[in-house]
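Beneath this line is the structure, given in structure tokens, with notes to follow.
The values are calculated or read from the model by the stated rules, or taken from the named source; none is laboratory data. All of these numbers come straight from a predicted model, not from anything done at the bench. Cβ sites come from the backbone with ideal geometry, for glycine too, and all protein chains shown count toward neighbours.
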Amino acid sequence: MKTGLKRSDKRKGEKELIMKDMDNIEKLKKWIEESSNIVFFGGAGVSTESGIPDFRSVDGLYNQKYDYPPETILSHTFFVNHPKEFFKFYRDKMIVHDVEPNRAHLALAKLEKEGKLKAVITQNIDGLHQAAGSRNVIELHGTIHKNHCMDCGRPYGLEAVEKAEDVPHCECGGIIKPDVVLYEEALNDHDISASINYISGCDMLIVGGTSLNVYPAAGLINYYRGKRLVLINRGETPYDERADLIIRGKIGEVLGACTGI
């Protein structure tokens, strides 16, 4: 499977990373080799390396097309009161095309296949972990690939929302809603319970591509009681002081270097 990176660019980035964080990379590789119950918790930074922009980022054309900030548009209240504007934004910013899993996705799928990684817990909704081959993926914020009628409950795929000219409707007349968790909506109880079980029971928790500022999802990190909390992020997080290992870099380059991807 292609990753969208030229081999020369990939190796150059890996070389620069390893030169800067060689000791930490080697420590992480050793920990991975020694661990048999790893859990990964990831955020938007995992997907941005596949070319998917963070929906919170406002580009130069944004204010010409939308009258509200992203967090307002992606709220339950806005969806109910302004469905036409919601779906205009959703199709433009949330549904992604021509993207492929990057080295982070592929590395995690490899670790799962080897029996080391027990679960991927993601805040992303793009389905790239599954595309890379990961099987046990908990999507805390839902997925763009599943939708349902708000009246009769009939399930729909992505195409029903994507190809609708305006607000997508079911044959019964009800609005088809994406199975994504909007602001003001609660996370799925089963997903939360499963995440807590995996995190509290793992021997190593790798957190990557997230600032850990989005709650309640970020609060799940508090359930980890082990001695190998690894944070891989380009910037600081509120959990840095608790981490046993911090690597400042791109999640794809770090995990790629550790797994040979």
Take GLU165 and tell me if it is among the charged types (D, E, K, R), in a helix (DSSP H, G or I) and not assigned by TED's automatic domain parsing to the domain that holds ALA44. no
In the range 202-216, how many residues are hydroxyl-bearing (Ser, Thr, Tyr) and surrounded by 22 or more Cβ atoms within 10 Å (Cβ to Cβ)? 1
Among helices (runs of 4 or more DSSP H) entirely within the range 73-141, at least 3 residues that are closer than 30 Å to ALA164 by Cβ and either within 13 Å of the chain's Cα centre (by Cα) or among the aliphatic types (A, V, I, L, M) (or both) occur in 128-132
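Which residue, of LEU5, LEU106, is on the phi < 0 side of the Ramachandran plot and modelled with pLDDT of 90 or more?
Of the residues listed, the single one that is on the phi < 0 side of the Ramachandran plot and modelled with pLDDT of 90 or more is LEU106.
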State the number of residues belonging to the range 168-202 that are assigned to a strand (DSSP E or B) and within 21 Å of GLY157 (Cα to Cα). 7
Could you please find all residues in the range 217-261 being surrounded by 18 or more Cβ atoms within 10 Å (Cβ to Cβ), at pLDDT below 95 and part of a loop (DSSP other than H, G, I, E, B)? ASN233, THR237, TYR239, GLY249, LYS250, ILE261
Kindly evaluate GLY173 against the criterion of being surrounded by fewer than 17 Cβ atoms within 10 Å (Cβ to Cβ) and not assigned by TED's automatic domain parsing to the domain that holds GLY115. yes
Selection over the range 116-160 where residues are closer than 17 Å to ALA218 by Cα and free of Cβ contacts under 8 Å to residues at least 60 places away in the same chain yields a count of 4
Take VAL214 and tell me if it is under 17 Å from the mean Cα position of the chain (by Cα), part of a strand (DSSP E or B), β-branched (Val, Ile, Thr) and under 30 Å from SER35 (Cβ atoms). no
